[in-house]
Amino acid sequence: MATTLGQAPPSGPPRTELGGSARAALARRENTRTRILRVVVLLVAVAVLVRGWMVTEIDLGKLTNAPNAAPILKALGQPDVAARDVTQVELQLPFIVGAGSTGPAVVSDQSGQTLRVDPGSASPGQAITFDGSGFAADADGQLRIQNPSRGLDALFTRVHTDGKGAFHEVRVWPEYNTLPPDVYQFRLILNAPTGSVHLSETLISSLGRMGETILLALMGTVFGVVFSVPLSFLGARNLMGGSPIGRAIYWLVRLIFTITRSIEVLILGVIMVVIVGIGSYAGVLAIVVHSIGSLGKLYSEAIEGIEPGPVEAITATGADRLSTVVYGVVPQVIPTFLAVTIYWWDHNVRMSTVLGLVGGGGIGFLLIQYMNLLQFNQAATVLWMIVIVVTAMDYASAAIRSRLI
């Protein structure tokens, strides 16, 4: 009798891999659904962007409006940081429009400063020459034409003296409908720089306001820390999640954090100005309220990220809840708390620079004044000071935080 080695062939009809086919079909259906979902999400995103473009009225063509940008850009390169004392010189000279003397009109003062207008009368289209001599070198001034009976006092031309204290200007006389025949008066006002170069009043004022801004941010940060540190322990889930009362306190504190940090600091500044009036106090209060929510959230998240080992070890010794927090939690979070506080002070300095725009004190108050008066050189001084101070504090805070963490 023969013996057959190996496995006998299976009896009955061959089996089909139904399970594998079902999974493949399901994967194909899922892939199709995923593709459709991605297309829908993409179409919705494009629609939102198009609607946003329309609502915000974006017009790239306005970026090429160079005449409006030119004075500001020029002022950024010429900030008002140095000045010299100025002595104002004035000379007055009668002048006839219409028939009159064809010779030059000349006026001089006791120091030899002279203004010469040639000819001494003018008619429309005629070239008039203005010459000055004996003035201070590199001085700016303006020549104004006046007629009290007509209520006229207008700028006719600007002048600038050369290295020898002289100037020369030629102008074509306008039509009679602009300056009718009459007796007028030219008034030369020249600002002559005297003395040595010194810090400008703009720079001195900006330094004082910048110091106020830094202290404003400091006080807001300090009081924000005072209120947010104790609240942060009540807003940590790992410390307050052990009982229903603890969880209720946790959610209440988290709600306070959310509300106080959801209101932008500028809006808080407007509210505080209404309550306490214009000044740095309103700015401090705005920063305090905003810092309570933001710092409280950062502190509580640092507490939730501590290592549980030390806390469990102290709890195992039978220590009460307060001792566990003091000896098990606080030592772990102090470096993070310090780093976060320094970073937030840096952040608050940046916020303080704009609080002045709504009356919250600081250097922003000075900036908005200069911008409203179109004093762009003075505004450029403030802007550069903000850039320098914020950059310096950013590097300083980064260096300190790198040593703490």
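FYI, it's all coordinate maths here, none of it is from the lab. Owing to the predicted nature of the structure, the values given are computational and were not obtained by experimental measurement. Don't worry about glycine lacking a Cβ; one is built from the backbone with ideal geometry, like all the others, and counts go over all protein chains shown.
What the pair-distance distribution of the range 260-377 shows, using all Cα-Cα distances binned every 5 Å from zero, is 2, 11, 16, 15, 12, 10, 9, 8, 6, 5, 3, 2, 1, 0, 0 percent. The calculated Kirkwood hydrodynamic radius for the range 85-199 is 14.7 Å, given to one decimal from all distinct C-alpha pairs.
Above 38 Å lies some portion of the pair distances; for the chain, what is it as a whole percent of all C-alpha pairs? In whole percent, the long-distance tail amounts to 58. Ordering Ser196, Val253, Gln185 by Cα displacement along the dipole of the range 138-267 toward the positive end leaves Val253 in first place; charges were set at the Cβ atoms of Lys, Arg (+1) and Asp, Glu (-1).
If R0 is 25 Å, the Cβ-Cβ spacing of Thr317 and Ala248 corresponds to a FRET efficiency of close to 0.30. Restriction of the GluC sites (Glu not before Pro) in the range 155-240 to DSSP coil positions whose beta-carbon has at most 12 other beta-carbons within 10 angstrom yields Glu175. Axis of helix 244-262 versus longest Cα principal axis of the chain: the two differ by about 30°, to the nearest ten degrees. For the chain, the dipole from Cβ point charges (+1 on Lys and Arg, -1 on Asp and Glu) about the Cα centre works out to 2140 debye, to the nearest 20.
Rounded to 0.05, the FRET efficiency of the Ala396 and Val46 pair, given R0 = 60 Å and the Cβ-Cβ distance, is 0.85. Once the chain from Val86 to Ile275 is taken as fully extended at 0.36 nm per residue, the excess over their C-alpha distance is 63.7 nm. The angle between the Cα long axis of helix 376-404 and the main principal axis of the chain comes to about 30°, on a 0 to 90 degree scale.
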